[in-house]
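First the structure, in the form of structure tokens, and then the observations on it.
The values are calculated or read from the model by the stated rules, or taken from the named source; none is laboratory data. A quick note: this is a predicted structure, and the numbers were derived from the prediction, not measured. Note that each Cβ is placed from the backbone with ideal geometry, even for glycine, and that neighbours are counted across all protein chains shown. Calculation scope for accessible area: heavy atoms of the full protein, side chains included, ligands and nucleic acids excluded. Shrake-Rupley method; radii C 1.70, N 1.55, O 1.52, S 1.80 Å.
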Amino acid sequence: MEKLMRMKLVTIFLVLFGRVSNIAIAQTTNPAYPAVFAFGDSIFDTGNNNNLATLSKCNNPPYGRDFYGGRPTGRFGNGRVLSDLITASLGVKDTLPAFLNSALSDKDLPTGVCFASGGSGFDDLTANSQGGVLTMGAQLNFFQQYIAKLKASVGPEKASDIISKALFIISAGNNDVAFAYSFTIRRTMLFNVYASTLVTAGQNFLKSLYQLGARHVWVMSTIPLGCLPAARTQVGGPLRLCVDYENGLAQMYNGMLSAGVSSLKASLPDYDLKFVDVYTPMLNIIHNPSASGFQNVLNGCCGTGTFEMGAQCNMLTFQCPSTAAYFFWDVAHPTERAYQLTVAQILQAQNYDLTSYHISKALHPLNVSSLSFNN
């Protein structure tokens, strides 16, 4: 009788408060991916460079001023970076820990980690020219070390299951195009030839991931490199215009990378490969900043916003009062809010419901129900 009464009470509750129960179910829905793994550059790096012998690091305040606790973590920005926000939007976890973080524990392993290294690219010269930055090959080696740790933690069968169902995200090419092709011997090459070598390197990296068990990968385009405050300072003139030449190189590379991803996918039918356009969503916001609530897309928030990055962005430099009004945090990296709006467009393009619990939580305080990207 007591059991019957409980069942009746549950039924009455569901009828009277059906909307509430639906929300609760939405909040606890399992994500499509059990884990996220990030590779590449500073767009994704969550702190791997902190203890490396390179100047390409930012584990000093005011970096991280809008991160949990207001502390620097090695993320190249004021708060969460793109890899964090993708991971959170997919309902995996709020932030993606760096594999080289000394505080990483076994409980972090099953849901994924970040191997990305600020300053890296598909060209080894890009990383090697900046000291101890991790090449993509070094990142792959660390992933193999991760696999061994995961197997020891959860067992070989469970480890293989996690890897095969996880989402792998890659951001590489930004530093190759913006740095290596401008400031190293790569400048002597025709750009289409250089870009072709980058795409080939990218395909080989994707093949290696496949051999290690990866089956779901998003390959990011570059960001609009000609619109970075650093590019505007160098070539943009007194009006600080976007540099069309640099954006043209980025577009050429992105087109070739997209074709390379499609070609590899065609040869491996069970490989869920996607090319993800980051360039266009960001460029649309930069060209029409007021529509997204930005007041400044020309300069970084830190210092004068014309040259400061890394150690030059410190507590002795001026900081803008509100990072929400700025698209860029320093001269090369977007703010958390800029990343949030970019993630919203990326997910919308893949038919994700922006009003779902995990996405709306990850993009807070943005009002996802009012977002419109008809640019």
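Just one of the listed residues (Leu85, Leu134, Leu125) is surrounded by 24 or more Cβ atoms within 10 Å (Cβ to Cβ) and over 29 Å from Ile359 (Cα atoms), namely Leu134.
Within region 319-356, the set of residues being in contact (Cβ under 8 Å) with a residue 12 or more places away in the chain, part of a loop (DSSP other than H, G, I, E, B) and either crowded, with 21+ Cβ neighbours inside 10 Å or not β-branched (Val, Ile, Thr) (or both) comprises Cys320, Trp329, Asp330, Val331, Ala332, His333, Thr335, Gln350, Tyr352, Leu354, Ser356. Residues that are of a type in the set (Gly, Ala, Ser), open to solvent by 40 Å² or more (accessible area, probe 1.4 Å) and not in a loop (DSSP other than H, G, I, E, B) within region 357-375 comprise Ser369, Ser370, listed in sequence order. For residues that are β-branched (Val, Ile, Thr) and open to solvent by less than 10 Å² (accessible area, probe 1.4 Å), scanning just region 163-187, find the one that is farthest from Tyr271 (Cα to Cα). The selected residue is Val177. Within the span defined as region 218-241, one or more residues are under 22 Å from the mean Cα position of the chain (by Cα), over 26 Å from Gly310 (Cβ atoms) and modelled with pLDDT of 95 or more.
I'd like to know if region 250-261 contains one or more residues that are under 27 Å from Gly305 (Cβ atoms) and open to solvent by 20 Å² or more (accessible area, probe 1.4 Å). There is at least one residue in region 250-261 that is under 27 Å from Gly305 (Cβ atoms) and open to solvent by 20 Å² or more (accessible area, probe 1.4 Å). Selection of region 76-89 for residues being assigned to a loop (DSSP other than H, G, I, E, B) and either hydrophobic (A, V, I, L, M, F, W, C) or over 14 Å from Phe328 (Cα atoms) (or both) yields Phe76, Val81.
Scanning region 155-191 for residues that are β-branched (Val, Ile, Thr) and closer than 25 Å to Ser89 by Cα yields Ile162, Ile163, Ile169, Ile170. Looking only at residues in region 346-367 that are among the hydrophobic types (A, V, I, L, M, F, W, C) and closer than 17 Å to Asp94 by Cβ, which one is modelled with the lowest pLDDT? Of everything passing the filter in region 346-367, Leu366 is modelled with the lowest pLDDT.
Gln144: in contact with a Gly (Cβ under 6 Å, 6 or more places away or on another chain) and open to solvent by 10 Å² or more (accessible area, probe 1.4 Å), yes or no? When the stated conditions are applied, Gln144 does not pass them. The condition (being within 15 Å of Gly118 (Cβ to Cβ), out of contact with any strand residue (DSSP E or B) (no Cβ under 8 Å at 6 or more places or on another chain) and buried (at least 21 other Cβ atoms within 10 Å of the Cβ)) is satisfied by just one residue among Phe76, Phe99: Phe76.
Residues in region 188-217 that are within 30 Å of Thr306 (Cβ to Cβ), among the aliphatic types (A, V, I, L, M) and open to solvent by less than 30 Å² (accessible area, probe 1.4 Å): Ala195, Leu198. Does region 166-174 contain at least one residue that is over 22 Å from the mean Cα position of the chain (by Cα) and either under 19 Å from Ala35 (Cβ atoms) or not basic (Lys, Arg) (or both)? Among the residues of region 166-174, not one is over 22 Å from the mean Cα position of the chain (by Cα) and either under 19 Å from Ala35 (Cβ atoms) or not basic (Lys, Arg) (or both), which makes the answer no.
Checking Gln139 against (1) open to solvent by 10 Å² or more (accessible area, probe 1.4 Å); (2) closer than 19 Å to Thr54 by Cα: exactly one of these is not met. Which one? Tallying (1) open to solvent by 10 Å² or more (accessible area, probe 1.4 Å); (2) closer than 19 Å to Thr54 by Cα, Gln139 fails exactly one: (1).
A quick yes/no check of all residues on (1) over 20 Å from Pro365 (Cα atoms); (2) of a type in the set (Gly, Ala, Ser); (3) without any contact (Cβ under 8 Å) to a residue 60 or more places away in the chain:
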position	(1), (2), (3)
Thr87	no, no, yes
Ala98	yes, yes, yes
Leu109	yes, no, yes
Ala116	yes, yes, no
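Out of region 290-318, which residues are assigned to a helix (DSSP H, G or I) and open to solvent by less than 30 Å² (accessible area, probe 1.4 Å)? Across region 290-318, the qualifying residues are Ser292, Gly310. Within region 103-122, the residues that satisfy the criterion of being part of a helix (DSSP H, G or I) and either β-branched (Val, Ile, Thr) or surrounded by 19 or more Cβ atoms within 10 Å (Cβ to Cβ) (or both) are Leu109, Thr111. Is it true that Leu225 is open to solvent by less than 10 Å² (accessible area, probe 1.4 Å), more than 29 Å from Trp329 (Cα to Cα) and not β-branched (Val, Ile, Thr)? Judged against the criteria, Leu225 is not a match.
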